[in-house]
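Reviewing the structure listed below.
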Amino acid sequence: MTPAAERLKKHIGGEQPVFAIVLGSSLGGLADGLENQRVLNYAELPGFPKPSVSGHAGELVTGRLGGKPILMLKGRAHAYEHGDGAAMRPVIEALAACGIEQIVLTNAAGSLRPEAGPGSLMLITDHINLSGLSPLFGETGDERFVSLTNAYDSGLANQMRAAAKQESVTLHEGVYAWFPGPSFETPAEIRMATIIGAHAAGMSTAPETILARRFGLKVAALSVLTNLGAGIGGASPSHDETKREGAKATANMARLIACFTRNL
Ligand code: HPA
């Protein structure tokens, strides 16, 4: 077990979380809804990222949601910070070592469809890796040859769809294109992503999905669509817009996650 996993195991104690959730840009407020909150700073977890992006806190929060123990990660490392696709490896590895079997990944993303506008939510059904990176670069041994055929678990996706229906939350679905960032895409890149079958563009999540599958966790993933992709209807995305629109979607995201948790 890594030192981070040992520290995390001690924090969890007997309250085994039913899943972990990574909260994307401006979704940190979701942790406020947890009962019996206990906070562990990433600084106490060797190898966990030092968040450098505004809107990302750097805290691990455990507690109960709908009576069930869950674990929330407020803040993630992005590949664009140091050019390292494996920046989240110590996190995912520690979760797996502590017996966590499911992870929900959330992010902010640009929508490639005008009908799925800013402030709406999208269930990620698959991804396209346009980053030129892999979190498994440099790994030796056969475990690196991870199957990504059912990367976004179809059973968890069905449970997410059911929760959205129950809560009357509109949940779009689609393919997430992982761009390296940190600059936003060009309009030509957004047109290309649309042509090759993507429905959203973002700078995170896909490497975490690959790592999660590497360590045997099932994945569900949700995007908050904070803007239309560059050039669509004249759109020119900004980080301020991402934070503002992301915050607007927090209430719907919170209801969706709470219902998904209750139903587990
Ligand atoms: N592109 C990439 N990442 C993003 C976007 C976008 O348009 N919006 C929020 N995150």
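The values are calculated or read from the model by the stated rules, or taken from the named source; none is laboratory data. This is a predicted model, so every value here is computed, not measured. Because the Cβ atoms are built from the backbone with ideal geometry, glycine has one as well, and the counts that use them run over all protein chains shown. Remember, those area values only see protein heavy atoms, side chains included, never the ligands or the DNA or RNA. Shrake-Rupley method; radii C 1.70, N 1.55, O 1.52, S 1.80 Å.
Filtering the range 254-264 down to residues that are part of a helix (DSSP H, G or I) and of a type in the set (A, V, I, L, M, F, W, C), which residue is most open to solvent (accessible area, probe 1.4 Å)?
As a first pass, look at the range 254-264 and keep what is part of a helix (DSSP H, G or I): 254-263.
Filter once more, keeping what is of a type in the set (A, V, I, L, M, F, W, C): 254, 256-260.
Values: Ala254: 39, Leu256: 0, Ile257: 2, Ala258: 22, Cys259: 0, Phe260: 3 Å².
The extreme case among them is Ala254.
Taking the range 184-205 as the range and being within 9 Å of the ligand (Cβ to nearest atom) and part of a helix (DSSP H, G or I) as the test, only Ile190 passes. Applying the criterion of being within 9 Å of the ligand (Cβ to nearest atom) and crowded, with 18+ Cβ neighbours inside 10 Å to the residues of the range 238-248, the residue that is farthest from the chain's Cα centre (by Cα) is Glu245.
Confirm whether Gly181 is near the ligand (Cβ under 9 Å from one of its atoms), on the phi > 0 side of the Ramachandran plot and either open to solvent by less than 10 Å² (accessible area, probe 1.4 Å) or not basic (Lys, Arg) (or both). Full working, then the answer.
Working: near the ligand (Cβ under 9 Å from one of its atoms): yes; on the phi > 0 side of the Ramachandran plot: yes; either open to solvent by less than 10 Å² (accessible area, probe 1.4 Å) or not basic (Lys, Arg) (or both): yes.
Yes; evaluated as a whole, the condition is true for this residue.
So is Ile21 within 24 Å of Gly132 (Cα to Cα) and crowded, with 22+ Cβ neighbours inside 10 Å or not? In short, no.
Inspect the range 201-223 for any residue being over 30 Å from Gly99 (Cα atoms), open to solvent by 10 Å² or more (accessible area, probe 1.4 Å) and of a type outside the set (Gly, Ala, Ser) and give the result as yes or no. For the range 201-223, residues over 30 Å from Gly99 (Cα atoms), open to solvent by 10 Å² or more (accessible area, probe 1.4 Å) and of a type outside the set (Gly, Ala, Ser): absent. Within the range 80-110, being more than 16 Å from the ligand (Cβ to nearest atom) and among the polar types (S, T, N, Q) holds for one residue alone: Gln102.
All conditions but one from (1) free of Cβ contacts under 8 Å to residues at least 60 places away in the same chain; (2) hydrophobic (A, V, I, L, M, F, W, C); (3) crowded, with 17+ Cβ neighbours inside 10 Å apply to Ala251; the one that does not is (3).
Those strands (runs of 3 or more DSSP E) of the range 48-125 in which 3 or more residues are touching a residue at least 60 places away in the same chain (Cβ under 8 Å) and either touching a helix residue (DSSP H, G or I) at 6+ places or on another chain (Cβ under 7 Å) or closer than 23 Å to Val18 by Cα (or both) occupy 102-111. Here the range 224-237 is the region considered, the condition is being over 19 Å from Ile21 (Cβ atoms) and near the ligand (Cβ under 9 Å from one of its atoms), and the residue that is surrounded by the most Cβ atoms within 10 Å (Cβ to Cβ) is Gly229. If you go through the range 17-38 and keep only what is modelled with pLDDT under 95 and among the β-branched types (Val, Ile, Thr), you end up with just Val18. So, Gly83, is that one under 17 Å from Leu8 (Cβ atoms) and surrounded by fewer than 21 Cβ atoms within 10 Å (Cβ to Cβ) or not? So Gly83 does not fit the description; no.
Quick one: would you say Glu208 is acidic (Asp, Glu) and away from the ligand (no atom under 11 Å from the Cβ)? Steps first, please.
Working: acidic (Asp, Glu): yes; away from the ligand (no atom under 11 Å from the Cβ): yes.
It is true that Glu208 is acidic (Asp, Glu) and away from the ligand (no atom under 11 Å from the Cβ).
Summed over the range 24-47, residues that are open to solvent by less than 50 Å² (accessible area, probe 1.4 Å) and part of a helix (DSSP H, G or I) total 6.
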